[in-house]
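Visitor: Before I ask anything, let me first share the structure, which is written out below as structure tokens.
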Amino acid sequence: MNVHTPELERKPSREAAREALALLRDWAGASDDDEIAELDPAIARLVSGADAYPDLAREYDAAFDVDAEYKDTLPDLQNGPSSLIRGARRAIQHVGISNFRLPVTFRTRDNGNVTLETSVTGSVSLDADKKGINMSRIMRSFYKHAEKTFSFEVIESALDDYKSDLESFDARINMRLRFPLRVESLRSGLEGFQYYDIALELVETAGQRRKIMHLDYVYSSTCPCSLELSEHARRERGVLATPHSQRSVARISVETTGDDCLWFEDLIELCRKAVPTETQVMVKREDEQAFAELNGANPIFVEDAARLFAEQLQKDARIGDFRVVASHQESLHSHDAVSVLTEGPLFEQESLDPKLFSTLFHVG
């Protein structure tokens, strides 16, 4: 049986709390900050004699108007003095925002327009003695041009604006989109939309500007070795065998040069000419048979694919430096076959992103 004494259950009186606080402050007066914090960090406010925390309003004031005087009182840590810099005082090559999205209108080769959801990444360089940048200025600068029909010239104007706004010496803009193009089936005459992952990139470094286009081209690759072995089984032993083929992706990155426009459609057609076994959209039985025949006529290893794309890229006067990254996502092996081929110094690099090839996986 538990016995509760009234003395133990009694709520401390206000006078008892005042005496306890006075005792605590007397103790704190003879103690250092570490001792106080070790006892309980919350005691610091109690023993300091500071006024109680003010009773703040808990309702949003929708009518509050921010005037210039009030705005001047707002703190801005990113644009603070260099004394606020944390870590190594080094220049930063890229700082900005990634994947802010908005609808952007692009001109097509047939002089039409198409409005597409576009993901934009904008970054600038940062001097070693500057704390940071105002990130929102990149978006505000870009939005000034968002209603225009985009081209590299418009992207250059946007880059000029936020480079000036942020007082930076280098700047970059990258715009990612999915470009729809109507594609006809091989034999049935049906049509459907193929979507192409495309990115436009404008880079300014040390006063030099370079315009870059990236395209992911998805195709089927039939293994030449597997094709020959299958035919050997049919011929020598009368055994039905099928060669393995798989969905494959080539990421084509090209620097555009000269005054003539390299349209999205031009780069896509260049890829089709190099490797005609592009995956299909609308397929009936006659199309499926045609696709099997097309693959049989164009068996390729991943090394072949890189060289075939390079052969077509080299022929186009509108293309300067380029890079081909190919991935054949094997149906025979539990791993992929990959290759990288570059032309010119722009895309040369000793080290590759460890996840580069895994980003070439397309689910349709």
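Visitor: Considering only residues that are charged (D, E, K, R) and touching a helix residue (DSSP H, G or I) at 6+ places or on another chain (Cβ under 6 Å), look in region 178-223 and name the one that is most open to solvent (accessible area, probe 1.4 Å).
Guide: Filtering region 178-223 for residues that are charged (D, E, K, R) and touching a helix residue (DSSP H, G or I) at 6+ places or on another chain (Cβ under 6 Å), the one most open to solvent (accessible area, probe 1.4 Å) comes out as Arg187.
Visitor: To continue, here is another question. On the basis of being open to solvent by less than 10 Å² (accessible area, probe 1.4 Å), β-branched (Val, Ile, Thr) and not in a strand (DSSP E or B), does Ile268 make the cut?
Guide: yes
Visitor: Please find, among Ile138, Ile97, the residue that is in a helix (DSSP H, G or I), over 21 Å from Thr256 (Cβ atoms), in contact with a Gly (Cβ under 7 Å, 6 or more places away or on another chain) and of a type in the set (A, V, I, L, M).
Guide: Criteria check complete, one pass: Ile138.
Visitor: Just to be sure, is Val249 of a type in the set (A, V, I, L, M, F, W, C) and either on the phi > 0 side of the Ramachandran plot or assigned to a strand (DSSP E or B) (or both)? Let's see the steps before the verdict.
Guide: Details: of a type in the set (A, V, I, L, M, F, W, C): yes; either on the phi > 0 side of the Ramachandran plot or assigned to a strand (DSSP E or B) (or both): yes.
Yes: the conditions hold for Val249.
Visitor: As an exercise: evaluate Val281 against (1) under 24 Å from Leu186 (Cα atoms); (2) open to solvent by 20 Å² or more (accessible area, probe 1.4 Å); (3) not in a loop (DSSP other than H, G, I, E, B) and give the number of the one condition it does not meet.
Guide: Result: Val281 passes all but (3).
Visitor: Taking Leu159 as the residue in question, decide whether it is modelled with pLDDT of 95 or more, aliphatic (A, V, I, L, M), under 22 Å from Glu255 (Cα atoms) and in contact with a strand residue (DSSP E or B) (Cβ under 6 Å, 6 or more places away or on another chain). Spell out the reasoning first.
Guide: Numbers: modelled with pLDDT of 95 or more: no; aliphatic (A, V, I, L, M): yes; under 22 Å from Glu255 (Cα atoms): yes; in contact with a strand residue (DSSP E or B) (Cβ under 6 Å, 6 or more places away or on another chain): yes.
Taking the combined requirement at face value, the residue does not satisfy it.
Visitor: In region 318-345, which residues are closer than 15 Å to Met213 by Cβ, of a type outside the set (Lys, Arg) and open to solvent by 50 Å² or more (accessible area, probe 1.4 Å)?
Guide: Glu343
Visitor: Here's something else I'd like to know. Among (1) surrounded by 15 or more Cβ atoms within 10 Å (Cβ to Cβ); (2) in a helix (DSSP H, G or I); (3) among the charged types (D, E, K, R); (4) without any contact (Cβ under 8 Å) to a residue 40 or more places away in the chain, where does Lys163 come up short?
Guide: (4)
Visitor: Identify, by number, the condition in (1) under 25 Å from Arg187 (Cα atoms); (2) in contact with a strand residue (DSSP E or B) (Cβ under 7 Å, 6 or more places away or on another chain) that Ser339 doesn't meet.
Guide: Status for Ser339: all satisfied but (1).
Visitor: Something else about it: Among the candidates Leu200, Leu240, single out the residue that is in a loop (DSSP other than H, G, I, E, B) and not β-branched (Val, Ile, Thr).
Guide: Leu240
Visitor: How do the pairs read when you match residues in region 234-260 that are at pLDDT 95 or above with residues anywhere that are assigned to a loop (DSSP other than H, G, I, E, B) and among the aliphatic types (A, V, I, L, M), using Cβ under 6 Å and keeping only pairs 6 or more apart or on different chains?
Guide: His244/Leu332; Glu255/Leu346; Thr256/Leu262
Visitor: Restricting to region 324-357, count the residues that are in contact (Cβ under 8 Å) with a residue 40 or more places away in the chain, under 21 Å from Gln312 (Cβ atoms) and of a type in the set (Gly, Ala, Ser).
Guide: Final tally of qualifying residues: 3.
Visitor: Moving to a separate point now. Answer yes or no: is there a residue in region 166-174 that is open to solvent by 70 Å² or more (accessible area, probe 1.4 Å), part of a strand (DSSP E or B) and aromatic (Phe, Trp, Tyr).
Guide: no
Visitor: Any residue in region 85-109 that's surrounded by 12 or more Cβ atoms within 10 Å (Cβ to Cβ): show its pairings with residues that are among the acidic types (Asp, Glu) and modelled with pLDDT under 95 at Cβ separation under 6 Å, as long as the two are six or more apart or on different chains.
Guide: Ala91/Asp127
The values are calculated or read from the model by the stated rules, or taken from the named source; none is laboratory data. Every value quoted in this text rests on a predicted model; they were computed, and no experiment measured them. We place every Cβ from the backbone using ideal geometry, glycine too, and count neighbours over all the protein chains shown. Note: accessible area is taken over every heavy atom of the protein model, side chains too, but ligands, DNA and RNA are not part of it. Shrake-Rupley method; radii C 1.70, N 1.55, O 1.52, S 1.80 Å.
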